Amino acid sequence: MTIQEPVRLAATLFVPSPDPAALRARLVEHVGRYAHSETTAAGDILLSSELGLSRLTLEAGGLRIAAESRDPAGLAYIKMIMADHVLEFGQAGVALHWTGAGGAGSPLPFFREMTVTAVAMVGRFLRLTLRGNDLGRFAEGGLHVRLLLPSEGVAQRWPVTGDDGRPFWPDGNPPPARVYTLRRIDVAAGEVEIDMLLHAGHHGAPGAAFAERARAGDVVGMTGPGGGDLPEAADYLFFADETGLPAVARMLAEMPAGRRVRAFVEVEDEADRQVLPSSAAAEITWLYRRDGARLELAAIAIGTGDLPPDFVVWGGMEHAARRAIYRRAIDTWNLSRDRLRLASYWRRGQAGEDHHHDD
């Protein structure tokens, strides 16, 4: 019996440049933060990650980028990342044209059209159940997706692959987009659940506007997933406010028996508590802002002697709280950065997206 190697998809981009060596160096500097870099005997540079492989070759008059991946979405992400960086690094006037797999006009492999099938209120969250096809890739590789939210009554034309590898909107009219957590995903049923926080002061913002009018039959776009991984560990320490609560619920629901989790969740008051089932040994501490409790104070109360060895810290919260917990983890708990996954999902006093990781 012959064992066949997985099919690898490939695409190539030639970037005209007066200084291709400098362009390549900048690509390696930036993309190399998330990918392994090595130089071949022929002088090419290889960048490899879970997405696939890129080969950067100096040629007369420019830089050739050869990308390959086992997964159409992986190849699409490589092409998009490379194009974004090339244009960012001063090549904005250059028309980019990828050849090979995933050509211009083809569907974006990381995009799905989703239909709302149910709407329910859970505390201050609006829980949407969305249904779509072929959702397997959304079950791994990250907890978060980007929802594309057309205005009411708009017949939206969805993006396709552009000539430069980036999403191209046929009518030049992309709808507002916001990042949300997949609280639950059922690949077999083609369903996901997303909790959208209805918080005061954001009426009229794209996410809140959609949430307020959402009903069964509405159609949205979904791209992703993203948001990083949770490193393997026996013990975890979670910090979250309402914006991070759906991610905590998803991670606890999927965590196997034998793991231990200590989670601190800050909400407005007791009405915002939720049941968070898990096979892991989970200790959940609910912090109520109305009583003055804060995530930062909970972190300060934890001394180095209170922590197990080789634990991992995860957090999703407001920017200032994230920064305080980050400093506590580095300066007091002496936690290495590879054991730290903290993100700010919003920033007090600012509307829109503010989704940054410290790792």
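The values are calculated or read from the model by the stated rules, or taken from the named source; none is laboratory data. No experiment lies behind these values; they were computed from the predicted model shown. Positions of Cβ are generated from backbone atoms using ideal geometry, with glycine treated the same way; all protein chains shown enter the neighbour counts.
Quick notes on this one:
- Of the residues TRP314, TRP346, the single one that is in contact with a Ser or Thr (Cβ under 8 Å, 6 or more places away or on another chain), of a type in the set (A, V, I, L, M, F, W, C), in contact (Cβ under 8 Å) with a residue 24 or more places away in the chain and surrounded by 16 or more Cβ atoms within 10 Å (Cβ to Cβ) is TRP346.
- Pairs linking a residue in segment 60-86 that is assigned to a helix (DSSP H, G or I) to a residue that is surrounded by fewer than 17 Cβ atoms within 10 Å (Cβ to Cβ) and modelled with pLDDT under 95, with Cβ atoms under 6 Å and 6 or more positions apart or on different chains, are HIS85/HIS30.
- Enumeration of residues in segment 95-147 that are more than 18 Å from GLY52 (Cβ to Cβ) and aromatic (Phe, Trp, Tyr): PHE111, PHE125, PHE138
- The strands (runs of 3 or more DSSP E) found wholly in segment 233-301 and carrying at least 3 residues that are surrounded by 18 or more Cβ atoms within 10 Å (Cβ to Cβ) occupy 235-240, 260-267.
- Counting residues in segment 170-180 that are under 18 Å from VAL122 (Cβ atoms) and in contact (Cβ under 8 Å) with a residue 24 or more places away in the chain gives one or more.
- The lone exception for ALA21 - which of (1) within 27 Å of the chain's Cα centre (by Cα); (2) over 13 Å from ILE81 (Cα atoms); (3) not in a strand (DSSP E or B) it fails: (1)
- Unique residue being more than 11 Å from MET222 (Cβ to Cβ) and buried (at least 19 other Cβ atoms within 10 Å of the Cβ) when the list is ARG157, ARG183, ARG112, ARG124: ARG183
- Conditions (1) hydrophobic (A, V, I, L, M, F, W, C); (2) at pLDDT below 95; (3) closer than 30 Å to MET121 by Cα; number of the one not met by LEU307: (3)
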